[in-house]
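Chemist: To start, I am sharing the structure in question, which I have written as structure tokens.
Every number in this text was worked out from the coordinates using simple rules, so none of it is lab data. Just so it is clear, the structure is predicted and the values come from calculations on it, not from any experiment. Don't worry about glycine lacking a Cβ; one is built from the backbone with ideal geometry, like all the others, and counts go over all protein chains shown.
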Amino acid sequence: MGRRLVTAAVGASIVAASCAGCFSDNKPTEKNARITVDNNSVTSHAVSCSQVQFLLTANIKADPGNVRLLLKLDSDKPKIESVHIDNFEGFTGVADAGAGDAAVAAANGRFTVTGNAEGSKINDPRVSLTAPFKIEVGC
């Protein structure tokens, strides 16, 4: 009986120790983004980031639009693989995927991507245009 009680006590203490941080009030830093395209700005808290080896993808929802960044994380500094802007304030376009241009800076876990996207307005897709953009995102 005494051995079972000791075994149960040890088991309970292991469970308690393994869950020491389960009910902590410390919340992880909230991911957010600030998107500006052609002087239209939106702040979004619907940000999801994923990384596979050296490629980081940031998906940002800005209803009804969506912005996706693909960054290559080098040891020196990150590089833009592509920027996709889909129906952001009526504009759809790309940068650094054979069109437009983009540059990235990183500081304190945040990325700032600036450049010019080539695309068109949803209401007139036949007319090509270039739109300046700035995207600040925390991943």
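Chemist: Among (1) farther than 19 Å from Lys31 by Cβ; (2) in contact with a Phe, Trp or Tyr (Cβ under 7 Å, 6 or more places away or on another chain); (3) of a type outside the set (Phe, Trp, Tyr), which single condition is Leu129 missing?
Modeler: All conditions pass for Leu129, except number (2).
Chemist: For the stretch 106-123, enumerate the residues that are surrounded by fewer than 18 Cβ atoms within 10 Å (Cβ to Cβ) and under 22 Å from His45 (Cβ atoms).
Modeler: Result: Ala106, Ala107, Asn108, Gly109, Arg110, Thr112.
Chemist: Select from the stretch 106-135 the residues that are of a type in the set (S, T, N, Q), in a strand (DSSP E or B) and under 20 Å from Asp76 (Cα atoms) and list them in ascending order. Break it down stepwise before answering.
Modeler: Keep residues of the stretch 106-135 that are of a type in the set (S, T, N, Q), which gives 108, 112, 114, 116, 120, 123, 128, 130.
Retained after the next criterion (residues that are in a strand (DSSP E or B)): 112, 114, 116, 120, 128, 130.
Those that are of a type in the set (S, T, N, Q), in a strand (DSSP E or B) and under 20 Å from Asp76 (Cα atoms): Thr112, Thr114.
Chemist: Those residues that are of a type in the set (S, T, N, Q) and closer than 18 Å to Ala33 by Cα, I need them from the stretch 61-91; list them, please.
Modeler: Of the stretch 61-91, the ones of a type in the set (S, T, N, Q) are 66, 75, 82, 87.
Scanning the stretch 61-91 gives Asn66, Ser82, Asn87.
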